[in-house]
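Scroll down for the structure; my scribbles are underneath it.
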Amino acid sequence: MELIFERSRPGRAARAQAPRGAPPAADDIPQRFRRRRRAPLPECSEPDVVRHYTRLSQRNFSIDTHFYPLGSCTMKHNPRAANRLAMLPGFLARHPLAPEDMSQGFLACLWELQEMLKEVTGMAAVSLTPAAGAQGEFAGVAMIRAYHRERGETERTEILVPDAAHGTNPATATMCGFTVREIPTDAEGDIDLAALREAVGPRTAGLMLTNPSTLGVFERRITEIAAIVHEAGGLLYYDGANLNAILGKVRPGDMGFDVVHVNLHKTFATPHGGGGPGAGPVGVSERLEPYLPVPMVAEEGGEYRWVTEAERPRTIGRLSAFAGNAGVLLRAYVYMRLLGREGMARVADHATLNANYLLARLREAGFTPAYPNRRASHEFIITLRREAKELGVTAMDFAKRLLDHGFHAPTTYFPLLVPECFLIEPTETESPETLDAFVEAMRAILEEARTRPEVVRTAPHTLPVRRLDEVRAARELDLVWRPQEGEAGGGAPASGDRERLGA
Amino acid sequence: MPFVPHTEDDVRRMLEAIGVDDVEALFDEIPEEIRLRRPLELPEALSEAEVTRLMMDRAERDGRPVCFAGAGAYDHHVPAAVWEIATRGELYTAYTPYQAEASQGTLQLLYEFQTMIAGLMAMEVANASLYDGASALAEAVLMAVRAGRRGGGRRVLLPRTVHPAYRRTVETIVSPQGIELVEIDYDRRRGVIDPGALPEAPEGLAALVVQQPNHFGCLEEADALTDWAHRHGALVIGVANPVAAAVLAPPGEWGEAGADIAAGEGQPLGVPLSSGGPYFGFLCARKRLVRQMPGRIVGRTVDAEGRTAYTLTLQAREQHIRRSKATSNICTNQGLMVTAATIHMALLGPDGLERVALASHARARELRAALAAVPGVEPLFPETPFFHEFPLRLPLPARDLLRALGAQNVLGGVPLAGDYPELGESLLVCATETRTPEDIAAYARHLERIVARQGLFRCPTRPGGGG
């Protein structure tokens, strides 16, 4: 599809959008401060722009249009009420630095969300400010760092992560100045306890763990793991990318974790927006409470107020200019109020039911579970190693062919330790009919892989584009549009060049 | 129950297929001693109607004051089409575009965004967003240190004229990596860094940060500062307001060679004030620094049939590939906000954005003249060119003034004394194109009355005194 810049015509504009009348002169701003070359933005009418971006939207899969069994991403339905209510004019118009007496309605939502997250995670205190999961991880590991430093244990420079961990775990540890040590996983998908015992010691700052793990199984010896790490003087970090399988069933705090982050854009149904925004609140046990990032919200006698650096001198500090992704927090708040007390455990029940059902059906259809002796949690892994070897059709090929069947692909090639894997997470909001249709699609692709493998290897065939040349994308970097040879300037060239584009 | 489609019959049939008697059996791998055997202590579920009523009451409770506060969040008009389109389910509920063939809409949109923001900043490349302006600056600092020649410099000059919350965020994020942030003070009379009074360049200098307009709304001598830093072998990180950049020289045009990295807050481009977020941070750079950039980057390529197509590229920088050696841990960014900003920039175009910038500046000039006419109130840096906000010295405590103005449905600005005690009782005040002459007149009238009333009970404060 053409680019918005290619629709641009000099002198065209959406006039209603900008201030009326002749632009005022900024004659008090000396020339040396002024822009020399006009910003190269496109010149379009409102109908042009509306049609262009509406059509672009139609070149996307989305949860509103497609099933997204994307493991570890929790693509559940995003309730419309949450969006509408977070976008009420009063919330949108509120300036982040408005005084507290003009912010009580907003602060009440935040404080109640803090309290609800405390209860759901079983932690002593929560800060809502991290803007996404990775920032929540940063906050968590920075708190672990602050804790050890305050105790004078500066030799604790190592963070342990399982080899199946999300890439953000080791990346976060590095950002916080730690070195990373990987712990292997055993054949049943649990952490290798002997290797863990071997690894812990006076250099251990902490262990980062997801439970249920990214292998889609519950880490059964979690209390033992917690004891090993704690006895070595380390702390336990819970990567709560996803609580879907454990809501109301078991809590990170009760498992012995010292710090947890929660991805609200997963468990609590806020939209992914094509890559964000998310929100990654952090919860902590009592010993880490002084280090929580600011701002937080406090309540006294029905009045709400901000808690900032001034009264929390040991805080790790601030992670963004204001209070994080407030609008995402409001959406999660609405979702939690709609679910209520009983609704939480029902999420876990149905997410787990759907995952185990889909696993059983895929197994019946001839696919191989990576951990056949284990229950699925909210997600599970199948490995297409045999299909790749015998039929020459890889997990990537299956993934691309699923797109032709109208299903978004599951997470592929993650975790790295299971070859040719699909990490599949159906979530609780899908009906059994959808799951059955997915199984039928997988069955059909498997049949095709046996009879017409070329069709699978070259999929997709029905989308706006075929497979992409990724190598060229990385080698011949084209990251911003430039006009073709012969055209002058950009979409909106400096005024001197304008005549030449006139035709 | 909300959002779960299963009938009782569904559940029965599914359990049968799995081969268990009840749902509880699916949790049998969780050790009993850690199971939660009581209901969560949470409120009971509300219906959609009930939660709507609750949220409407709360949203209304906070009122909708006429906003003269800025300090990093600006009340510009957002065209109706922006969020009408951005909240279409196909954009709003899409995942990160890892499956390129199923995400060409989002990917092309991000490529258009990168083009627009890089053009606006007069830089060569851009990423697809970071969390907000403050965290974008932190990432820019890390990037500058990584890019440092001969791997030496770990010192970064971070002037006091940079937004205080940005400085604190940078400190939180970069200090674990042993980067030293060095403060530079400002000229008390002019509210900007004096390029003539810069310290000896410290050893191991990696970068200088310059915010334009700075936190006081004043215009820094960006050309001289950029040339100074380059002379001392340091990179320049420009923190720019993207609306102001339609009129003011963008970082890429500073000095002889231009800044090396531009970072900032994208909120003024189509994102409502919304209590501070979600906004989005942008990050642009010279092409030679692209491999040091954090976050997602979209590239244009071709598909198997030679058709133009878009994909996430240079992923070998990122955490899901490079793990502990990634340029950053960032994964989820602010995709939807960038979607809105792209539509916003396309609607306004170069002329519209320039008009918004010029009108904001004109309203701010009118506002400053009107407020400074109130006895006892005076601009702090009257001689320095400014864009759309400015600090005022007050004859009464800023908090008292804000409370009194709040009673008149006016949000009068943001107090400065907490971060700049040397300025005494002072207020940072802003006007955008959305403030009308009537709004401005009303603010001046209320201010005059409040100050006069204050005079009855307090010794008059001599203008310019105290502080």
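The values are calculated or read from the model by the stated rules, or taken from the named source; none is laboratory data. Computed from a predicted model, the values in this text were never measured in an experiment. Don't worry about glycine lacking a Cβ; one is built from the backbone with ideal geometry, like all the others, and counts go over all protein chains shown.
Points to keep in mind about this one:
- The listed residues are A:A18, A:A14, A:A26, and the only one of them that is facing chain B (nearest Cβ under 7 Å), among the aliphatic types (A, V, I, L, M) and touching a residue at least 12 places away in the same chain (Cβ under 8 Å) turns out to be A:A14.
- Filtered by the rule that a residue be part of a loop (DSSP other than H, G, I, E, B) and among the charged types (D, E, K, R), segment B:169-186 gives a lone residue, B:D185.
- Scanning segment A:93-111 for residues that are touching a residue at least 24 places away in the same chain (Cβ under 8 Å) and assigned to a helix (DSSP H, G or I) turns up A:E100, A:Q104, A:F106, A:L107, A:A108, A:C109, A:L110, A:W111.
- Subset of segment A:374-400 that is assigned to a loop (DSSP other than H, G, I, E, B) and of a type in the set (A, V, I, L, M, F, W, C) - its residue that is farthest from the chain's Cα centre (by Cα): A:V393
- Subset of segment B:81-112 (residues that are surrounded by fewer than 24 Cβ atoms within 10 Å (Cβ to Cβ) and under 15 Å from B:P268 (Cα atoms)): B:W83
- Note on segment B:299-349: residues that are more than 21 Å from B:L283 (Cα to Cα) and hydroxyl-bearing (S, T, Y) total 3.
- Filter result for A:G167 (closer than 28 Å to A:F422 by Cβ and within 12 Å of chain B (Cβ to nearest Cβ)): yes
- Test result for B:V145, in the same structural domain as B:G252 (by TED's automatic domain parsing) and not in a helix (DSSP H, G or I): no
- Single condition A:T458 does not satisfy, out of (1) free of Cβ contacts under 8 Å to residues at least 60 places away in the same chain; (2) of a type in the set (S, T, N, Q); (3) under 23 Å from A:N356 (Cα atoms): (3)
- Where strands (runs of 3 or more DSSP E) sit wholly within segment A:112-184, those with at least 2 residues that are in contact with a Ser or Thr (Cβ under 7 Å, 6 or more places away or on another chain) occupy A:158-162, A:179-183.
- The strands (runs of 3 or more DSSP E) falling completely within segment B:269-357 include none with 2 or more residues that are among the aromatic types (F, W, Y) and either in contact with a Ser or Thr (Cβ under 7 Å, 6 or more places away or on another chain) or more than 7 Å from chain A (Cβ to nearest Cβ) (or both).
- Apart from one condition, A:R375 fits all of (1) within 14 Å of chain B (Cβ to nearest Cβ); (2) over 30 Å from B:E29 (Cα atoms); (3) among the charged types (D, E, K, R); (4) buried (at least 17 other Cβ atoms within 10 Å of the Cβ); the exception is (2).
- Of all residues making up segment B:169-183, the number that are facing chain A (nearest Cβ under 9 Å) and either free of Cβ contacts under 8 Å to residues at least 12 places away in the same chain or over 21 Å from the mean Cα position of the chain (by Cα) (or both): 5
- Hey, A:T427 among the polar types (S, T, N, Q), at pLDDT 95 or above, buried (at least 16 other Cβ atoms within 10 Å of the Cβ) and in the same structural domain as A:A376 (by TED's automatic domain parsing) or not: yes
- Checked against the criterion of being over 30 Å from A:W481 (Cβ atoms) and within 26 Å of the chain's Cα centre (by Cα), the candidates B:V66, B:V78 yield just one match: B:V66.
- Residue list for segment B:51-107, filter: at pLDDT below 95 and more than 7 Å from chain A (Cβ to nearest Cβ): B:Y98
- Being in a helix (DSSP H, G or I) and charged (D, E, K, R) is a condition met by at least one residue of segment A:362-373.
- Selection status of A:E309, of a type in the set (D, E, K, R), within 11 Å of another protein chain (Cβ to nearest Cβ) and over 27 Å from A:E219 (Cα atoms): yes
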